[in-house]
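Student: Take a look at this one; I'll ask things after.
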Amino acid sequence: MGVALITPFKTDESIDFDALARLVEYQIKNGTDYLVVCGTTAETPTLTEKEKEDVTRFVLDVNAGRLPIVLGVGGNNTKAVVAKLKTDNFAGVDAILSVTPYYNKPSQEGIYQHYAAIAKASPVPVILYNVPGRTGVNMQASTTLRLANEFKNICAVKEASGIFTQIDDIIKNKPEDFVIISGDDGITFPLITLGAVGVISVIGNAFPKEFSRMVRLGLEGDYDSARSIHHRFTELIELLFVEGNPAGVKSMLAVMGFIENKLRLPLVPNTIKTYEKIRLVLEQLR
C-alpha cells in the first residue's frame, strides 16, 4: 500500500509543515509501504512550483530514506514534463507517477507518444496513471500494454478507470515484471483477487495500519480476512468521495486531530452533513 499524501493547510492557506511531518511519521509507523508525494490528493494544481519543491524536499527530509518515495510528475504539455524530468533534482525519489494528459483529450497514439517521451527522459522508473474520471480520456489496455512491452523503465500502472474488463486484460497480457496498482480504494480488494499488487490509497492517510493489512492479507491469499476489512471500510470509502477528493479524507483527518479542515479553492471542505456522517462512522470504527 502506497499512500497519496494530502497537503495540510493552515487557516491562512499556507502549508502546515508541522502537520505534514506528523502525517509522514504516522505512515511510517503504521505499515505504509511507500509514500506518493504531489499526487492528485495533494491538491497539486493549487500549489506553486516552489511549494511543490518545498513539499517534496520536506517529505524526503522527514522520511530520511525509511520508505520509498514516488513523486507525481505529469501534465498535458509533454514538452514541459520532459524538460522538468531533464532538469529537476530527483535524488531520493524512487519513481514518478505520471497522469495521462488531461483536458486536451489526446488519441491513444497521442497518449503513447506522450509516455514514450517521458520514459526516454525520466531518470527513475515511471508509473503510468489512468484516471479518466479526472482527465477526460481513458488509456485503453492496448496502449498500456504497448508501453509496458516497449519501455523497460515503465514499471507499473495505477489504474483508476474502474473498468474491470480493461484492468483484467492488462493483468492477463502484461509483461511479467510490470505491475498493476489499484487507484481506487473501494475496488482494491477485488482487483487483488484478479492479480493487482496493491493500491495507491487515499484512505490510507487516516487508516494505514488497517488498509495495508487488508492488502497484505489479500496478497497472501487470505481472502476471507481481507474481505472482512474491505467491508468494514466500505461506507467510509464512499463518504470519502461523495463531495470530492481530498475533501473527504481531510474531514476525516480533521476529526482525528491531524490537520485543520482547510482546502484551497476551487476545492472546498465537506458540508456539515457529510462531515458529521464521517465523524459518526469514525466513532463506530474506533
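Every number here is computed from the coordinates shown, using simple stated rules; none is lab data. The structure displayed is predicted, hence computed values, not measured ones. All Cβ positions, glycine included, derive from the backbone under ideal geometry; neighbour counts span all protein chains shown.
Student: For the chain, calculate the relative contact order in percent as a whole number, restricting contacts to Cα pairs under 8 Å that are 6 or more residues apart.
Tutor: 18
Student: Then there is this: By how many nm would the segment from Glu283 to Glu53 lengthen if fully extended, with 0.36 nm per residue of separation less the alpha-carbon distance?
Tutor: Contour length minus Cα-Cα distance gives 79.2 nm.
Student: As an exercise, use a Förster radius of 22 Å and the Cβ-Cβ distance of Arg22 and Lys209 to find the FRET efficiency, rounded to the nearest 0.05.
Tutor: In this case the efficiency is close to 0.90.
Student: Please report the spacing between the Cα centers of segment 80-129 and segment 248-275 in Å, no decimals.
Tutor: Going from one Cα centre to the other spans 31 Å.
Student: Classify segment 2-220: rounded, prolate or oblate, from the alpha-carbon gyration tensor (a ≥ b ≥ c, eigenvalue square roots; a/c under 1.5 rounded; otherwise prolate if a/b is larger than b/c)?
Tutor: Taking the square roots of the gyration eigenvalues as a ≥ b ≥ c, segment 2-220 is oblate.
Student: Note the full-extension length gain between Asp61 and Ile163 as 0.36 nm times their separation in residues minus their Cα-Cα distance, in nm to one decimal.
Tutor: Working it through step by step, the gained length comes to 33.0 nm.
Student: If amide hydrogens are placed 1.01 Å from N in the peptide plane, which non-local residues have theirs closer than 5 Å to the one on Ile259?
Tutor: The list, which skips near neighbours in sequence, is Ala254.
Student: Between Ser14 and Leu267, what is the spin-label point distance in nm, taking each point 7 Å from the Cα along the Cα→C-beta axis?
Tutor: Taking the simple label geometry, Ser14 and Leu267 are separated by 2.1 nm.
Student: For the chain, what is the calculated [θ] at 222 nm in deg cm²/dmol (nearest 500), taking -39500 (n - 2.57) for each run of four or more DSSP H residues and dividing by its residue count?
Tutor: Taken over the chain, the calculation gives -14500 deg cm²/dmol.
Student: Take Glu159, Glu25 and order them by how many other Cβ atoms sit within 10 Å, fewest up front.
Tutor: The fewest-first ordering by Cβ neighbours comes to Glu25, Glu159.
Student: If I model a spin label at Val242 and Asp224 as a point 7 Å from the Cα along the Cα→Cβ vector, what separation in nanometres do I get?
Tutor: Output for this residue pair reads 3.3 nm.
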